[in-house]
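Novice: Quick one: this structure, given as structure tokens, is what I'll be asking you about.
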Amino acid sequence: PATTLADYCYSYMFWDCTSLISAPELPATTLAEYCYGSMFYGCTSLISAPELPATTLGYYCYERMFKDCSNLEYIKVGATSWETLYAYEWVQDVAPSGTFVKPSGTSIPTGSNGIPSGWTVMNI
């Protein structure tokens with residue numbers, strides 16, 4: 001597993017893998033543009049996201065990453081800053097309730113480009 005990623009490197013990797021129940025480890029700490037874009041899009045059996053320890057994010061790095069993961073109910077991020085363009089529609093249509101874990105100093109909006117609406121936020 002790489003710790004620094006190139007543009008688009010994991011885009012669409014598990015697109016629509018409806019039987020995927022466990023995601024691989026994603027230890028990268030520096031993300032490039034679109035690197036995880038749509039990676040788990042439509043993975044309806046995924047309940048827990050892999051830990052996302054990256055602190056340096058590239059534009060659209062999480063774009064649609066978990067879109068339509070209707071049973072996803074846990075996400076933990078390490079990002080120290082957040083912009084809407086990092087995660088366009090990344091949690092659209094996930095489970096209606098769940099837990100989102102983030103660094104206490106990171107401000108992340110609620111909605112499909114940030115913390116899913118209706119989820120509990122835990123600061124670490």
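The values are calculated or read from the model by the stated rules, or taken from the named source; none is laboratory data. Bear in mind the structure is a predicted one, so any value in this text is a computation, not a measurement. No Cβ is skipped: glycine too gets one built from the backbone with ideal geometry, and neighbour counts run over all protein chains shown. Note: accessible area is taken over every heavy atom of the protein model, side chains too, but ligands, DNA and RNA are not part of it. Shrake-Rupley method; radii C 1.70, N 1.55, O 1.52, S 1.80 Å.
Novice: Regarding SER97, is this residue without any contact (Cβ under 8 Å) to a residue 60 or more places away in the chain and in contact with a strand residue (DSSP E or B) (Cβ under 6 Å, 6 or more places away or on another chain)?
Specialist: Working: without any contact (Cβ under 8 Å) to a residue 60 or more places away in the chain: yes; in contact with a strand residue (DSSP E or B) (Cβ under 6 Å, 6 or more places away or on another chain): no.
Here the answer is no, as SER97 does not meet what is asked.
Residue-wise test of (1) closer than 22 Å to MET122 by Cβ; (2) open to solvent by less than 40 Å² (accessible area, probe 1.4 Å).
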| position | (1), (2) |
| --- | --- |
| THR18 | no, no |
| SER22 | yes, no |
| LEU52 | yes, yes |
| TRP90 | yes, yes |
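Novice: Looking at region 17-38, which of its residues are aliphatic (A, V, I, L, M) and closer than 16 Å to ALA79 by Cβ? Walk me through how you get there before you give the answer.
Specialist: Step one: of region 17-38, the residues aliphatic (A, V, I, L, M) are 20-21, 23, 26, 28, 31-32.
Correct list: LEU26, ALA28, LEU31, ALA32.
Novice: Also: Scan region 105-124 and report the pairs whose first residue is more than 17 Å from GLU83 (Cα to Cα) and whose second residue is open to solvent by less than 40 Å² (accessible area, probe 1.4 Å) and aromatic (Phe, Trp, Tyr), with Cβ atoms within less than 6 Å and a gap of 6+ or a chain change.
Specialist: TRP119/PHE100; VAL121/PHE100
Here is a yes/no grid of residues against (1) closer than 21 Å to THR3 by Cα; (2) open to solvent by 40 Å² or more (accessible area, probe 1.4 Å); (3) not in a loop (DSSP other than H, G, I, E, B):
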site	(1), (2), (3)
PRO27	yes, no, no
GLU33	yes, yes, no
GLY58	yes, no, no
GLU63	yes, no, no
TRP82	yes, no, no
ASP93	no, yes, no
SER117	no, yes, no
MET122	no, yes, yes
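Novice: What's the total number of residues in region 95-115 that are in a strand (DSSP E or B) and more than 17 Å from GLY78 (Cβ to Cβ)?
Specialist: 1
Novice: Related question: Please verify whether SER70 is closer than 21 Å to GLY111 by Cβ, open to solvent by 40 Å² or more (accessible area, probe 1.4 Å), of a type in the set (Gly, Ala, Ser) and assigned to a loop (DSSP other than H, G, I, E, B), treating the condition exactly as stated.
Specialist: Answer is yes for this residue.
Novice: Taking the conditions exactly as written (modelled with pLDDT of 95 or more, touching a helix residue (DSSP H, G or I) at 6+ places or on another chain (Cβ under 8 Å) and assigned to a loop (DSSP other than H, G, I, E, B)), does TYR41 satisfy them or not?
Specialist: No; evaluated as a whole, the condition is false for this residue.
Novice: In this structure, is SER107 more than 18 Å from ILE124 (Cα to Cα) and modelled with pLDDT of 95 or more?
Specialist: no
Novice: Which of the residues that make up region 35-55 are at negative phi and among the polar types (S, T, N, Q)?
Specialist: Residues satisfying the conditions are THR44, SER45, SER48, THR55.
Novice: Could you list all residues from region 83-103 that are more than 15 Å from LEU52 (Cα to Cα), hydroxyl-bearing (Ser, Thr, Tyr) and modelled with pLDDT of 95 or more?
Specialist: Of everything in region 83-103, those that are more than 15 Å from LEU52 (Cα to Cα), hydroxyl-bearing (Ser, Thr, Tyr) and modelled with pLDDT of 95 or more turn out to be TYR88, SER97.
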